[in-house]
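See structure below.
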Amino acid sequence: MEPASADRGSQLLSVRIGGGEFAMDIMAIREIRGWIASTPLPHAPSYVRGMINLRGAALAIIDVAERLGLQGQPPGAASVVVVVESEGQVVGLLVDAVCDIITVRDQMRQALPETGGIACRRYIESLVMMEERIISILSLRAIIPAAGELEIETQAA
């Protein structure tokens, strides 16, 4: 008999980004905050919005729409910063809005179409079809720049 946790599936937070619906593992989320203006980081890549003060620590803010190459919009009243931790790094992910918490079983996940290209498959782990919606599951490892990646990108600028 399989453990009960296998029956439950994984819980994901669905968010709206650039007109699409995306989701991320809820276990990686530390908190959700409303948007506040960020302090720019000189020579940072375009997808790094800047940084905010999170209880005395500088927190880098990544504009997920920009990182994914989607048409973003200026942060507004519904914009949210999802503070996540992945592989020991803590960053804020700027999204247009938080939608829902969903439970996804492994058999619900589908591979991306081959026409999506390598960059698409880098940032999206899989797809989930729910009712009339297609939800793209984000790869936080790919969204969050690795330690040193920002330095390499800024030197090239």
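The values are calculated or read from the model by the stated rules, or taken from the named source; none is laboratory data. Predicted model, so just to flag it, every value in this text is computed and none were measured. Note that we place each Cβ from the backbone using ideal geometry, even for glycine, and neighbour counts take in every protein chain shown.
Assorted remarks:
- Elements of type helices (runs of 4 or more DSSP H) contained in the stretch 105-157, each with 3 or more residues being at pLDDT 65 or above and over 19 Å from Val90 (Cβ atoms): 117-123
- Taken over the stretch 61-71, the criterion of being buried (at least 20 other Cβ atoms within 10 Å of the Cβ) and among the small types (Gly, Ala, Ser) is satisfied by Ala65 alone.
- Residue match in the stretch 83-102 (condition: free of Cβ contacts under 8 Å to residues at least 24 places away in the same chain and part of a helix (DSSP H, G or I)): no
- Taking the criterion of being small (Gly, Ala, Ser) and crowded, with 21+ Cβ neighbours inside 10 Å, the residues of the stretch 10-26 that qualify are Ser14, Ala23.
- As a summary of the residue check, Ala65 satisfies the conditions (1) within 19 Å of Ala146 (Cα to Cα); (2) within 14 Å of the chain's Cα centre (by Cα); (3) not in a helix (DSSP H, G or I) except for the one numbered (3).
- The lone criterion from (1) touching a Phe, Trp or Tyr at 6+ places or on another chain (Cβ under 9 Å); (2) surrounded by fewer than 20 Cβ atoms within 10 Å (Cβ to Cβ); (3) more than 25 Å from Gln11 (Cα to Cα) left unmet by Ser79 is number (3).
- Here Ala44 meets the list (1) loosely packed, with under 11 Cβ neighbours inside 10 Å; (2) hydrophobic (A, V, I, L, M, F, W, C); (3) within 15 Å of Ile144 (Cβ to Cβ) almost entirely, failing just condition (1).
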